[in-house]
């Protein structure tokens, strides 16, 4: 979240950011409550000073009555402060982050900026099939029984596709571990504080997240949630930073706001597996840009290794999400869509998440600062399988396996 001090000093900048991110936030009410809070804090401080001074006086009847009245007045002031702070803190959770200057201002996805396009889109000398047609012909997936067992958007991956699915995830996991990232298998069940901390709550609470029957248990949509909260409430030493993680976990998304979109196939499903990159660093915007590019390079290297054509988008304010300072989306070519489909999402969060999670570091001079946090997909499956099946399909109905996966998968071709 943004600190109330920052909002007080930059009210118009915060209002502009909320408007550009298509969010309604009452900044004036926040400032009013902040002023009330500070006035009540001053009142409480004065009352406590009077109570302390009175405690040194001889306890006659007048002093006793005075202290009793002071105690009641102080109690009422403290109750008032708690009520103001509760309302203020709730409103602060809905204030989006401030985009960096290089982020384009725009209302929706149509105003995202293409940064680069990489790879050659395949030209087939036959009519290419969709991943659904390929999957059915080669007995690789079963959506009908998936729906029967799991409900809407349910699926089974079968035979070589099930193997390829796991090979892809392990390949991306190994690649990041070799780069020095700490490997994690992250929990998919998380508490409310972790989702508030990652800023999935309050915005996505009703639309995206599955709540379990337990009072404080949710299914996370990404390993980012648990991994970012790993150091919640802790203070690190600056020399320990950056902390780099590659985390794998099952992911669950309700996709309640996407009903009717991509209802057939593997593009938009409720359950999938993902390897996620998460970094905590010191609070420095120049280093933040460097780390952001490092995360982007990692993701693009994976797509280059798989020899899949892709493009990188710099997201505009209206399509970048509430917590981000800056965001790239990487989209991979999917022939059946005759377009690119999102496969990676790379974000600088600044101290927006760490302030919520109270993750700090101490400088050599002894000063405490909030860390910066970042996240980017390494690989999400089964969505990436769409691109592989469709881009690697052959005229005879078979599908070639990307070279980098053949040793892990144990086969070089999928055929009847």
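The values are calculated or read from the model by the stated rules, or taken from the named source; none is laboratory data. What you are looking at is a predicted structure, and each value in this text was computed from that prediction instead of being measured. Heads up, the Cβs are rebuilt from the backbone with ideal geometry, glycines too, and the neighbour counts pull from every protein chain shown.
There is at least one residue in region 108-115 that is surrounded by 15 or more Cβ atoms within 10 Å (Cβ to Cβ) and under 36 Å from the mean Cα position of the chain (by Cα). Which one is farthest from residue 93 (Cα to Cα) among residues in region 23-32 that are under 23 Å from the mean Cα position of the chain (by Cα) and surrounded by 14 or more Cβ atoms within 10 Å (Cβ to Cβ)? Checking each candidate, the answer is 23.
Checked against (1) in a loop (DSSP other than H, G, I, E, B); (2) in contact with a strand residue (DSSP E or B) (Cβ under 8 Å, 6 or more places away or on another chain); (3) surrounded by 15 or more Cβ atoms within 10 Å (Cβ to Cβ), residue 121 passes all but condition (3).
Beta carbons closer than 9 Å, at least 6 apart along the sequence or on distinct chains, never pair a first residue in region 178-191 that is closer than 11 Å to residue 276 by Cβ with a second that is at pLDDT below 95 and part of a loop (DSSP other than H, G, I, E, B).
For region 359-375, the candidate set comprises residues that are touching a strand residue (DSSP E or B) at 6+ places or on another chain (Cβ under 8 Å) and surrounded by fewer than 24 Cβ atoms within 10 Å (Cβ to Cβ); within that set, the residue that is nearest to residue 235 (Cα to Cα) is 360. Residues considered: 67, 97. Of these, the only one that is assigned to a loop (DSSP other than H, G, I, E, B) and not assigned by TED's automatic domain parsing to the domain that holds residue 356 is 97.
Suppose the filter is part of a helix (DSSP H, G or I) and touching a helix residue (DSSP H, G or I) at 6+ places or on another chain (Cβ under 7 Å); does residue 291 pass it? In short, no. Of the residues contained in region 72-89, one or more are found to be more than 26 Å from residue 374 (Cβ to Cβ), outside the structural domain of residue 292 (by TED's automatic domain parsing) and in contact (Cβ under 8 Å) with a residue 60 or more places away in the chain. When you look at residue 145, is it surrounded by 15 or more Cβ atoms within 10 Å (Cβ to Cβ), within 30 Å of residue 408 (Cα to Cα) and in the same structural domain as residue 266 (by TED's automatic domain parsing), yes or no? Considered against the rule, which asks whether it is surrounded by 15 or more Cβ atoms within 10 Å (Cβ to Cβ), within 30 Å of residue 408 (Cα to Cα) and in the same structural domain as residue 266 (by TED's automatic domain parsing), residue 145 comes out as no. All but one of (1) at pLDDT 95 or above; (2) over 30 Å from residue 301 (Cβ atoms) hold for residue 78; state the number of the condition that does not hold. Going through the list (1) at pLDDT 95 or above; (2) over 30 Å from residue 301 (Cβ atoms), residue 78 breaks only (1). Would you say residue 134 is touching a helix residue (DSSP H, G or I) at 6+ places or on another chain (Cβ under 8 Å) and in the same structural domain as residue 19 (by TED's automatic domain parsing)? Answer is no for this residue.
Confirm whether residue 197 is touching a helix residue (DSSP H, G or I) at 6+ places or on another chain (Cβ under 7 Å), closer than 19 Å to residue 382 by Cα and in contact (Cβ under 8 Å) with a residue 12 or more places away in the chain. Spelling it out, it is not the case that residue 197 is touching a helix residue (DSSP H, G or I) at 6+ places or on another chain (Cβ under 7 Å), closer than 19 Å to residue 382 by Cα and in contact (Cβ under 8 Å) with a residue 12 or more places away in the chain. In this entry, residue 263 passes the filter for residues that are modelled with pLDDT under 95, farther than 26 Å from residue 111 by Cβ and out of contact with any helix residue (DSSP H, G or I) (no Cβ under 8 Å at 6 or more places or on another chain). When every residue of region 44-56 is checked against the conditions, none turns out to be crowded, with 16+ Cβ neighbours inside 10 Å and outside any helix (DSSP H, G or I). When 140, 166, 161 are screened for being assigned by TED's automatic domain parsing to the domain that holds residue 249 and in contact with a helix residue (DSSP H, G or I) (Cβ under 6 Å, 6 or more places away or on another chain), only 140 passes. Summed over region 128-168, residues that are closer than 21 Å to residue 405 by Cβ and part of a strand (DSSP E or B) total 3.
Restricted to region 177-211, and to residues there that are surrounded by fewer than 18 Cβ atoms within 10 Å (Cβ to Cβ) and closer than 24 Å to residue 370 by Cα, the residue that is farthest from the chain's Cα centre (by Cα) is 180.
Okay, residues lined up against (1) under 20 Å from residue 375 (Cβ atoms); (2) assigned by TED's automatic domain parsing to the domain that holds residue 146; (3) assigned to a strand (DSSP E or B); (4) within 20 Å of the chain's Cα centre (by Cα):
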{"position": "213", "(1), (2), (3), (4)": "no, yes, no, no"}
{"position": "225", "(1), (2), (3), (4)": "yes, yes, no, yes"}
{"position": "230", "(1), (2), (3), (4)": "yes, yes, no, yes"}
{"position": "236", "(1), (2), (3), (4)": "yes, yes, yes, no"}
{"position": "251", "(1), (2), (3), (4)": "yes, yes, yes, yes"}
{"position": "262", "(1), (2), (3), (4)": "no, yes, no, no"}
{"position": "267", "(1), (2), (3), (4)": "no, yes, no, yes"}
